[in-house]
Amino acid sequence: MLLISRDPRVLLQAELWGDDGWSWYPDAYNHGLASLLVPVGGYLNSLQRLGGLLGQFVPLRWVPTLFAAIALAVQVMPPLFMVSSRMADVVPSAAYRLLIALVCLMLPNIIEPYANLTNSQWHLAVLAFLVLVACPPTGWASRSFDLVVLGVSGPSGPFCSMLLPLAALRFWHNRSRDDGWKLVVLLATLLLQATVYLETMTFRGVFTPQPPGRRCPRCHWQAPDTIVRRGSEMCRRACVCGSAAAGVRRASSTASADVWRNAC
């Protein structure tokens with residue numbers, strides 16, 4: 001409630017923010033589970049992609065509210081984890097843990113990462129760090145929670161490469177099975193993310209305006225009056241499905257706006 005009270009409109013008058021309506025929802029609508037393997041900005045953005053897939057199970061008019069609820073849930077997880085007993089070894093004083101949690105909830109001037117799915121990976125990265133430094137889990141539920149957090153956070157940004165040395169140090173120091181599984185999950189996400197990065201790095205920034213009638217240089221899909229990207233990613237995201245990424249998103253945005261007006 002403290003987090004929502006900062007701006008109740010994020011739930012009462014929820015709106016799609018940034019890539020919420022530009023990538024996550026339309027890509028999930030157009031490509032389904034395959035959207036989980038489509039990188040944006042060099043990363044798989046697994047958290048946002050999963051949110052986009054969940055949005056397919058609710059009416060369109062409720063999608064912004066669902067995205068905001070997911071974002072708020074992710075944002076409140078690090079403070080809740082901080083006050084839990086699993087952080088007692090790191091911060092023994094319960095009062096200090098509560099103070100840190102309140103500071104996280106009341107940070108000023110956080111418009112960008114506040115209650116939107118597009119920037120939720122930053123809060124998830126904080127939670128992943130806390131999971132690594134916390135006391136060992138005591139049951140299957142907490143173990144599963146730790147592995148899911150690390151498995152989703154890793155491909156959602158550059159965090160797996162930053163957290164892997166810490167996980168390796170914890171495993172070297174404790175030699176516990178739980179720390180070993182965390183290390184394995186982070187290593188797997190790092191290898192996956194490195195593969196995606198190396199695949200897309202060759203084509204990064206190679207966007208060239210094409211005059212009408214020019215074709216994709218790889219699969220010869222004709223792209224009138226749009227931007228064609230040289231390389232396999234453009235062919236996957238555009239030519240295979242029969243329309244350019246810009247065209248798909250422009251059409252999706254127009255269709256979504258029409259459906260939104262009719263639904264409201």
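The values are calculated or read from the model by the stated rules, or taken from the named source; none is laboratory data. This is a predicted model, so every value here is computed, not measured. Neighbour counts run over all protein chains shown; Cβ positions are idealised from the backbone, glycine included.
Is it true that some residue in region 33-54 is assigned by TED's automatic domain parsing to the domain that holds T118, of a type in the set (K, R) and in contact (Cβ under 8 Å) with a residue 60 or more places away in the chain? Reasoning before the result, please.
Kept after step one, since they are assigned by TED's automatic domain parsing to the domain that holds T118, are these residues of region 33-54: 33-54.
From what's left, of a type in the set (K, R): 49.
Still in the running and in contact (Cβ under 8 Å) with a residue 60 or more places away in the chain: none.
Checked against the condition, which is being assigned by TED's automatic domain parsing to the domain that holds T118, of a type in the set (K, R) and in contact (Cβ under 8 Å) with a residue 60 or more places away in the chain, region 33-54 yields no hits at all.
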Selected residue [in contact with a Cys (Cβ under 8 Å, 6 or more places away or on another chain) and either basic (K, R) or assigned to a helix (DSSP H, G or I) (or both)] from S142, S153, S161: S153
Unmet criterion (only one of (1) within 20 Å of the chain's Cα centre (by Cα); (2) surrounded by fewer than 15 Cβ atoms within 10 Å (Cβ to Cβ)) for A94: (1)
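Would you check if L164 is within 22 Å of the chain's Cα centre (by Cα) and assigned by TED's automatic domain parsing to the domain that holds C135? I'd like the intermediate steps shown before the answer.
On the way: within 22 Å of the chain's Cα centre (by Cα): yes; assigned by TED's automatic domain parsing to the domain that holds C135: yes.
Criteria met by L164.
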Restricting region 105-163 to residues that are in contact (Cβ under 8 Å) with a residue 40 or more places away in the chain and of a type in the set (S, T, Y), the residue that is farthest from G21 (Cα to Cα): S142
The lone exception for W24 - which of (1) surrounded by 14 or more Cβ atoms within 10 Å (Cβ to Cβ); (2) over 18 Å from S156 (Cβ atoms) it fails: (2)
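Does V90 qualify as being free of Cβ contacts under 8 Å to residues at least 60 places away in the same chain, closer than 28 Å to L190 by Cβ and part of a loop (DSSP other than H, G, I, E, B)? Working first, answer last.
Details: free of Cβ contacts under 8 Å to residues at least 60 places away in the same chain: yes; closer than 28 Å to L190 by Cβ: yes; part of a loop (DSSP other than H, G, I, E, B): yes.
Yes; evaluated as a whole, the condition is true for this residue.
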Filter result for V103 (of a type in the set (V, I, T), touching a helix residue (DSSP H, G or I) at 6+ places or on another chain (Cβ under 7 Å) and either at negative phi or at pLDDT 90 or above (or both)): no
Tally, over region 31-59, of residues that are hydroxyl-bearing (S, T, Y) and touching a Cys at 6+ places or on another chain (Cβ under 8 Å): 0
